[in-house]
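So the structure is just underneath, and the comments pick up after that.
Bear in mind that the values in this text are calculations on the coordinates, not laboratory data. Worth saying up front: this structure is predicted, and the values here are computed from it rather than measured. Don't worry about glycine lacking a Cβ; one is built from the backbone with ideal geometry, like all the others, and counts go over all protein chains shown.
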Amino acid sequence: MFGHFGLPELLIILVILLLIFGPSRLGDLGASLGKGIKGFRKSMKDDELSV
């Protein structure tokens, strides 16, 4: 039901996020999300190597 997002839906979500957070805050949120994902992947990779 919620798994099929097309380009128009993603653009609407992006516009809403820009209105709520503003462009600078949205960039900071994206950077912290990227760092979190990178840390998660690194920990998963380290777990595979240690087992």
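The table below gives the values:
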item	result
Degrees, to the nearest 10: 23-50 long Cα axis against longest axis of the chain	20 degrees
Förster radius 30 Å - calculated FRET efficiency between residue 49 and residue 10, Cβ distance, rounded to 0.05	0.25
Computed lengthening from residue 35 to residue 18, 0.36 nm per intervening residue step minus Cα-Cα distance	4.1 nm
MRE, 222 nm, helices only [DSSP H, n ≥ 4, -39500 (n - 2.57), over the chain, to nearest 500]	-29500 deg cm²/dmol
